[in-house]
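First the structure, then my questions, so here it is.
The values are calculated or read from the model by the stated rules, or taken from the named source; none is laboratory data. Source: prediction; values computed, not measured. Positions of Cβ are backbone-derived with ideal geometry, glycine not excepted, and every protein chain shown enters the neighbour counts. Surface areas here come from the heavy atoms of the whole protein model, side chains and all, with no ligands, DNA or RNA. Shrake-Rupley method; radii C 1.70, N 1.55, O 1.52, S 1.80 Å.
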Amino acid sequence: MNATTDIAPFDARAYLARAPETPGVYRMLDAEGTILYVGKAKNLKKRLASYFRGSGLAPKTAALVSHIADIQLTATHTETEALLLENHLIKQHRPRYNVLMRDDKSYPEIFLGTAHSFPRLAYHRGPHRAPGRYFGPYPNAVAVKDTLNLLQKVFRLRDCADHEFANRSRPCMQYQIKRCTAPCVGFIGKEDYRRDVQDAQDFLEGRSQQVIHALVERMEQAAASLAFEEAAMLRDRIGQLRAVSEKQYVSTQGGSVDILACQQGGGMACVEVLSIRDGRNLGGRAHFPKNVEDQSEEEILTAFIGQMYLERNPPRELLVSHPLSERILLEQALSESSGHAVRIQSSPRGERARWVDMARLNAQIALGQRLASRGNQLGRLEALREALGLAKAPQRVECFDISHTMGESTVASCVVFGPEGPNKAAYRRYNIEGITPGDDYAAMEQALERRFGRAVKDGSILPELLLIDGGAGQVSRARAVLAGLGLGEAVMIIGVAKGPERRPGDETLLLADGARMLDLPVHSPALHLIQQVRDEAHRFAISGHRARRGKSRGERSSLESIAGVGAKRRQQLLKHFGGIQALSRAGIEDIASVPGVSSALAQRIYDHFHG
């Protein structure tokens with residue numbers, strides 16, 4: 001069924017009546033035949049029917065459906081085949097409504113050729129045109145070059161281009177410095193070179209211990225055959241690999257793994273990927289996928305993993321920051337496409353949990369930096385000016401939020417944004433006292449009276465726009481407070497109420513009268529700025545509440561509640577780290593270094609602060 005330039009409105013009912021109930025891929029096209037969206041389904045008919053229900057569609061999905069002129073289907077035998085095809089088509093056509101990686105062809109990799117009798121091991125970036133194995137992606141060029149440097153020292157495979165190899169009559173400098181065995185001039189036979197290639201491949205796939213065991217057997221055979229020079233060479237190679245493996249085990253317990261964490265905010269998303277290759281930390285890289293409106297962090301990670309790894313050679317394990325409903329399907333597809341088993345884990349323990357926390361923190365930092373860039377911020381403020389009909393863009397936006405646990409230790413936060421992004425020096429927290437526990441209205445009223453009462457008294461700067469995290473009730477209280485202080489006309493108030501599922505893009509924006517709503521599309525930069533400011537106020541309120549709650553409950557008694565930590569051991573821990581905050585940031589190994597603290601107890605203490 002092909003789209004034409006003169007097409008009748010799409011008849012969803014008739015189309016669904018003919019749709020098959022098989023696994024497959026669907027492509028949604030507009031009137032010009034441009035692919036708008038590519039998706040996969042276990043049951044095509046049921047999946048497509050979900051787009052045409054009467055209500056409940058997310059704004060982005062509703063916009064997609066309004067442009068559909070045709071749907072093309074490709075049935076597959078299995079859902080795994082559908083996933084592989086879906087990601088191939090997304091990369092080929094880059095539909096405007098799919099979550100897309102911005103720079104999916106810019107990752108450095110290691111290339112091991114297979115077409116040549118003496119394969120080449122080299123740095124690679126770009127499309128996979130030459131036949132061979134591609135290992136990666138690596139976070140940056142330095143990580144690839146460091147790995148290649150190690151491989152050349154140990155396995156001594158050639159890195160020269162094929163035309164150089166074919167025309168060489170004597171060994172190059174790489175042979176002289178013991179980085180190549182000079183197959184170009186016949187200094188090594190095909191079978192011996194093939195074994196070195198296999199060892200290098202096993203190492204790149206994370207099987208360094210297997211490589212060491214195989215080299216030990218070859219060394220013993222060489223010594224038994226009185227080939228002492230070969231045995232010495234193998235002994236040196238084993239020593240190099242053992243040294244590397246020992247360092248790796250101490251730092252990361254070995255293995256090759258990628259750690260992926262997703263963070264959302266302000267209409268954007270960041271996926272941070274930390275790469276561990278055979279136990280070596282190669283660093284991380286932040287990615288900013290496009291078209292993430294109405295997508296959950298789980299959905300973004302699922303789409304990202306498919307586009308990132310299905311046409312590359314992934315590590316044997318992926319650690320992710322959020323549970324994935326399609327985990328088993330992704331594992332099957334990645335294992336099938338790579339030729340080795342791939343495992344995806346969302347709830348690691350111990351050191352691996354710390355890697356996930358590190359990736360999550362890096363994602364938060366990278367997203368915050370991207371959102372705070374001046375050019376991006378000025379554009380959002382201008383969009384907000386247009387949406388609100390202001391004469392000029394607001395130079396100061398404040399947002400208030402309330403946080404408590406069943407009414408305990410209530411804290412109100414105030415965050416401030418301007419043309420440079422967040423103005424953290426102007427952030428304030430208010431410990432709320434003298435109210436009925438859990439009364440958010442009274443808490444908001446008290447915080448606003450303290451903030452704006454001081455402003456009236458001191459003549460300090462006022463915001464042009466005040467955001468209140470809440471609905472009509474909170475907006476009404478805010479309006480009453482400012483009116484009582486004579487500021488009713490000086491500050492514009494907007495309430496930011498979360499949707500029923502609390503998803504970005506579902507917010508209701510209430511103007512000061514509490515009755516009119518501000519309707520902004522999900523892709524609006526103005527809405528993204530409001531979301532960013534609201535999320536920052538929420539974060540700042542929660543962190544203040546937790547600190548106050550912890551202080552009121554008494555962290556020392558909390559520490560003593562851990563099995564195995566009595567008064568004496570608590571004193572040792574606090575003395576060793578200089579306080580509860582430093583202890584809470586310590587790793588398991590650091591805690592275990594305290595006299596009298598076993599590894600098991602160190603794990604319990606660590607879990608107490610991070611559980």
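In this structure, is residue 155 within 19 Å of residue 114 (Cβ to Cβ), modelled with pLDDT of 80 or more and surrounded by 19 or more Cβ atoms within 10 Å (Cβ to Cβ)?
In short, yes.
How about the stretch 341-389: which of its residues are open to solvent by 60 Å² or more (accessible area, probe 1.4 Å), under 30 Å from residue 520 (Cβ atoms) and not in a helix (DSSP H, G or I)?
Listed by number, the list holds a single entry, 389.
Right, another one. Can you say whether residue 178 is surrounded by fewer than 18 Cβ atoms within 10 Å (Cβ to Cβ) and at positive phi, as far as the supplied structure shows?
Yes, satisfied.
Are there any pairs with C-beta distances below 7 angstrom linking a residue in the stretch 532-555 that is within 15 Å of residue 466 (Cα to Cα) to a residue that is at pLDDT 80 or above and among the charged types (D, E, K, R), with the two at least 6 apart or on different chains, and if so which?
Pairs found: 534/469; 537/401; 537/469; 538/401; 538/469.
Could you list, in sequence order, all residues of the stretch 36-65 that are at pLDDT below 90 and among the hydroxyl-bearing types (Ser, Thr, Tyr)?
Matches in the stretch 36-65: 55, 61.
Search the stretch 100-111 for residues that are assigned to a loop (DSSP other than H, G, I, E, B) and pair each with any residue that is surrounded by 18 or more Cβ atoms within 10 Å (Cβ to Cβ) and at pLDDT 80 or above when their beta-carbon atoms are under 6 Å apart and the residues are at least 6 apart or on different chains.
101/289; 101/307; 104/307
Identify the single condition in (1) surrounded by 17 or more Cβ atoms within 10 Å (Cβ to Cβ); (2) in contact with a strand residue (DSSP E or B) (Cβ under 6 Å, 6 or more places away or on another chain); (3) not hydrophobic (A, V, I, L, M, F, W, C) that residue 326 does not satisfy, given that it satisfies every other one.
Among (1) surrounded by 17 or more Cβ atoms within 10 Å (Cβ to Cβ); (2) in contact with a strand residue (DSSP E or B) (Cβ under 6 Å, 6 or more places away or on another chain); (3) not hydrophobic (A, V, I, L, M, F, W, C), residue 326 violates only (2).
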